[in-house]
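Here the structure comes first, spelled out in structure tokens, and everything after it is commentary.
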Amino acid sequence: MTVENIQGEYITFTDGKYEVPDHPLVGALAGDGIGPDIWSATRMVLDAAVAKAYAGQRKICWQPLAAGEAAFKETGSYLPEATLETIEKLKIAIKGPLSTPTGGGIRSLNVALRHHFDLFACIRPVRYYQGVPNPMKRPGDLDVVIFRENTEDVYAGLEWAAGSDEAEELGAYLRDKLQAKVRPGSALGIKPMSPEGSKRLIRSAIQYALDNGRKMVTMVHKGNIMKFTEGAFCQWGYDMAKAEFSNQIISEADLWDKYQGECPAGKIVLNDRIADAMFQQLLLRPSEYDVLATPNLNGDYLSDACAAQVGGLGIAPGANVGNGIAIFEATHGTAPKYAGLDKVNPGSLILSGKMMLDFMGWNEAGTLVEKALQAAILGRKVTYDLARQMEGGEEVSCSSFGKLIVAAME
Ligand code: NAP
């Protein structure tokens with residue numbers, strides 16, 4: 001069925017703003033492996049939250065989209081052109097995990113989607129939900145939103161195998177022309193980082209902080225060693241903020257010298273930390289951090305480390321956002337051994353759905369989803385992954401957990 005045949009209206013994106021009608025068409029990619037199980041529970045929860053929050057005035061018109069193994073069987077392509085064209089029209093989509101096709105061609109469907117739509121910001125909010133088993137004494141102290149650059153740095157995929165003609169030729173160039181010490185026979189990778197790519201990521205982190213009443217944006221980098229890439233990321237961030245947010249940004253020094261450590265209303269602190277120190281800080285003084293803006297690799301490690309700190313690796317939500325297209329996704333993989341067993345935790349996709357509702361401006365529904373998930377966890381009837389670590393926890397299926405979340409909205 002084409003989009004045109006489905007009731008509902010398109011979300012539009014004009015002058016940097018999304019306009020969401022009351023019956024928006026939203027893309028839904030169920031994904032591979034456990035994807036269909038968690039998508040079905042997620043859809044039930046999101047539909048219930050929207051119906052309850054807006055008393056039936058609003059409803060999402062889901063547009064199922066083919067990708068992954070099912071799409072390959074049907075069309076011979078893991079990521080059919082029709083799916084890409086439809087996402088382009090719909091602007092907002094939610095997706096379950098996709099398996100990485102074997103046999104070459106596409107490196108990863110997720111990476112392909114990010115590159116195709118230039119989804120430059122990977123956004124991962126990390127906070128604690130009471131009752132989730134975790135390794136920390138005060139897990140509730142951590143409440144951060146990580147903005148990770150998605151298109152540059154080591155993610156750009158510019159690397160050549162040891163001994164390949166390309167690596168030998170590039171190695172010779174580096175030795176001969178740039179006097180770089182590169183051993184013959186080395187594998188080589190390139191880490192490109194541009195002012196444009198860095199600034200747009202940091203800009204969206206600052207804008208998010210301003211829009212959501214957050215108080216600090218911390219740029220996390222390894223600029224003490226990699227001065228022209230990681231160090232420049234941070235400097236470009238300060239330059240951009242000075243040019244574009246001069247009335248809203250204060251420095252860390254000013255926070256203490258002028259404002260006695262209390263960030264004034266309507267302003268945010270922009271500061272930076274060296275990546276390795278940041279890992280310590282987030283363990284020892286997590287409550288001091290808020291929104292983080294990172295190049296790709298730092299953000300990769302930090303977002304999983306933070307999620308583990310609150311015990312939420314299995315329920316961590318995420319989104320990949322570009323200029324006018326946003327895809328919300330479960331952050332775990334397809335867990336193929338559990339495919340079709342109605343067993344796994346749908347929490348990651350459900351919380352990604354909550355992010356999506358907030359992103360659409362449907363915050364009342366988003367808040368309902370989050371509160372109901374919290375209540376369901378406290379009820380201790382949870383999926384196997386939580387039940388096995390929870391004292392007095394009772395295991396329920398994926399779909400039953402979804403139903404318990406819906407029941408908690410009443
Ligand atoms: P995985 O699918 O994330 O599964 C690893 C383990 O994590 C599972 O065996 C399970 O642990 C636990 N787990 C994952 N999702 C869970 C859930 N919803 N509820 C409860 N437990 C959950 O990682 P993988 O086995 O390395 O990857 C499998 C495939 O997924 C690969 O093809 C990979 O490329 C793909 N992948 C896709 C994405 C994506 O689409 N965003 C991300 C990562 C990987 P236990 O065994 O302890 O129960």
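Values in this text are rule-based calculations from the coordinates and carry no lab data. Treat the numbers as computed from the prediction; the structure is a model and nothing was measured. Every residue, glycine as well, gets a Cβ built from its backbone with ideal geometry; the counts of neighbours run over all protein chains shown.
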(message) Can you tell me how many residues within segment 138-177 are among the acidic types (Asp, Glu) and touching a Gly at 6+ places or on another chain (Cβ under 7 Å)?
(response) 3
(request) Scan segment 48-73 residue by residue and report those that are within 19 Å of residue 405 (Cβ to Cβ) and of a type in the set (A, V, I, L, M). (result) 48, 49, 50, 51, 53, 60
(request) Pull up segment 381-410, narrow it to residues that are in contact with a helix residue (DSSP H, G or I) (Cβ under 8 Å, 6 or more places away or on another chain) and in a loop (DSSP other than H, G, I, E, B), then point me to the one that is farthest from the ligand (Cβ to nearest atom). (result) 409
(message) Step by step: first the residues of segment 32-81, then only those that are basic (Lys, Arg) and over 26 Å from residue 397 (Cβ atoms), then the one that is farthest from the chain's Cα centre (by Cα). Which residue is that?
(response) 73
(request) State whether one or more residues within segment 325-339 are in a loop (DSSP other than H, G, I, E, B) and of a type in the set (Lys, Arg). (result) no
(request) Select, from 347, 366, the only residue that is within 21 Å of residue 123 (Cα to Cα), without any contact (Cβ under 8 Å) to a residue 60 or more places away in the chain and either within 15 Å of the ligand (Cβ to nearest atom) or out of contact with any Ser or Thr (no Cβ under 7 Å at 6 or more places or on another chain) (or both). (result) 347
(request) Check segment 351-361 and report whether any residue there is closer than 23 Å to residue 122 by Cα, in a helix (DSSP H, G or I), in contact (Cβ under 8 Å) with a residue 24 or more places away in the chain and of a type in the set (Phe, Trp, Tyr). (result) yes
(message) Just to verify a result, which residue in segment 311-326, among those that are closer than 21 Å to residue 199 by Cα and of a type in the set (A, V, I, L, M), is nearest to the ligand (Cβ to nearest atom)?
(response) 319
